[in-house]
1. If you rank PHE395, PHE355, PHE271, PHE452 by fewest surrounding Cβ atoms within 10 Å, what's the result?
2. Considering amide H positions built from the backbone, and no H for Pro or chain starts, which residues 5 or more places from THR313, or on another chain, come under 5 Å of its amide H?
3. Once phi is turned into θ = phi - 60°, what whole-Hz ³J(HN,Hα) does the Karplus curve with 6.51, -1.76 and 1.60 give for every residue of region 440-451, x standing for Gly and Pro?
4. Averaging over all projection directions, find the projected area of the Cα convex hull of region 50-210 and quote it in nm² with one decimal place.
5. Tell me, what is the FRET efficiency for GLU236 and SER68 to the nearest 0.05, using R0 = 51 angstrom and their Cβ-Cβ distance as r?
6. Could you compute how fast region 414-569 diffuses translationally, taking Rh as the Kirkwood radius over C-alpha pairs and applying Stokes-Einstein at 4 °C with viscosity 1.567 mPa s? Give it in µm² per second.
7. May I have the extent of the alpha carbons of region 321-491 along their three principal axes, as whole Å values ordered from largest to smallest?
8. How would you rank PHE108, PHE369, going from fewest to most other Cβ atoms within 10 Å of each one's own Cβ?
Amino acid sequence: MPEWDHVTDFLVIGSGGGLVGALRAAALGLDVVVAEKSDMIGGSTGMSGGIIWLPDNPLMKREGVPDSLDDARAYFDSVVGKADECSPASSQARRETYVTAGNDMFTFLESEGVEFLRCEGYSDYYSGARGVVGGHARSRSVEAVAFDTRELGEQATLLRPPVAGNLTMYTYEAGYVSNLRTRVGMSVMARVMRRTVGGRLRGKKLVTNGAALIAHLLKALGRRGVPVWTKTSLEELVVTDGRVVGAVLIKGGKPIRVQARGGVLLAAGGFSRNQQMRDEFSADQPGRVEWTSANPGDTGEVLRLAMGLGAATDMMDEGWWMPSWLLADGTPSMTLSERCKPHSIIVDAHGNRFFNEAIAYQEAGQLMFAHEKKAGGALPSWLIIDSRHRSNYTFATASPGITPRKWIADGVMKKAATLDDLARQCGIDPVALARTVERFNGFAETGVDEDFYRGEGDHERYQGDVTHQPNACLGPISKAPFYAVAMYPGDIGTNGGLLCDEAGRVLNTDGAVIDGLYAAGNCTASVMGRKYLGAGATIGPSVIFSYVAAADAARQATAAGEPATETRQ
């Protein structure tokens, strides 16, 4: 038996959604260590909106919002496809675990002091879309309530900044706040300001979004006595007799051998920031490092280590795509509500529309890649808006009616008095653009997009302008000046990776379990397949399969006659 520097029961690699697995393992009586390679805690989860997609969840029941797991199953089949037609990552068993264990996990987290709210109105991304059944318009998504980071003491400095920045704004509120010309938008913004100012006046240091979820989990882990080792990277997985029994970590610049008697959970993200791996696995959807908004540590070495043990992979060409434009310093700016609002359109370099601009962001990216391969001119595409869009709605960080001069001066946003001039600035065929806009404006007048059905889905209307008639997402492109930004298929992470079973156990290329090795999150092939079902479709699988992996590891430890420590209260 190799000599160990440290002995534990459950070793978690990564400090995002894997923290849920760490917490569950500790509650089940295992000794747990979390290793995080960066100097901050939270990973992509901490940088995200922090939402979990959770069908028929307890908050829905308490608030009398009807839903059922059967509807969720039907929604999976309708959007992702039948399980036997999809990747093994989206097997029927894994789907069933997701929809059933998710609520067990939610109840457990509440018992550990993690508080949630329901994201009213943040509908499933395909709810109401043509041919889709089982979607939910009022939201199956939940997010953690605002957290006062003073409760974490010195650990508070290790949190990644929340998406909302200095505002104490929940992720689901952003869709409303993007439309300040409406009564609802102004009401939500007033609520956000009261919460922000009120917290500061009381001396609180409140965070929301993914930062709040991570903060809640860190507090719970602290009560359980679970350490999180930052600046600690995975160097090697140690295998004995075909079982992963531990790992070699680099901590403080020195190797440390850690035995993990119950198993190792890989929850360290994908490879968005590794161009070599992108080039190797993503020929059909060639994403670029410079387009990604994934966390800086999303570099794929943990995935490579597991593959070196014979782990099977799938969907390595796929990403959680997010249409984005680039600021002058190269920073990607994600577009959500901007492309859903009236008076906006996306065209290729030939001046043609080629998809529903308001569709779910992952599919929008997929369609950009597909169109580039088929017809060209989609990388970049161009998001074009008129002055009413700029006057009425937020655009990235810019408030309605206030367009940063720097954007225009730097050339990252084009501005012109006519569409013809705008087309020339963007290198778009002006004749084709005029023809496309004329047809689109006709759709805006009737309220029916005869080409791509924009504005029919519940989520499209949520991100649009419900006060705009006859279609919340369609408005003519006709009032000067006109603006345009170059759009790229950015991403918030990769969507393919290790194949796992319903217990979160990593499978080898023969379909057998690699004993002692578990995985969850973006280092795995997603149970959602190649679709984004709703807000929280990335964090949901990460936290749920981390949760079930911890339970399986506890069972394995007990069966092996190696119970760790008594449950710490």
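Here, each number is a calculation from the coordinates, and none is a lab measurement. Only a predicted model underlies this, so the values are computations on that prediction, with no experimental measurement involved. Note that each Cβ is placed from the backbone with ideal geometry, even for glycine, and that neighbours are counted across all protein chains shown.
1. Lowest to highest Cβ neighbour count: PHE452, PHE355, PHE395, PHE271.
2. When sequence neighbours closer than 5 places are left aside, the close amide H contacts are LEU499.
3. 4, 4, x, 5, 4, 5, 7, x, 10, 7, 6, 8
4. 11.6
5. On the way: r = 46 Å, r/R0 = 0.90.
According to the calculation, E is roughly 0.65.
6. Numbers: Rh = 20.5 Å.
After rounding, the answer is 63 µm²/s.
7. Principal axes ranked by extent give 37, 37, 31 Å for the Cα atoms.
8. In order of increasing Cβ crowding within 10 Å: PHE108, PHE369.
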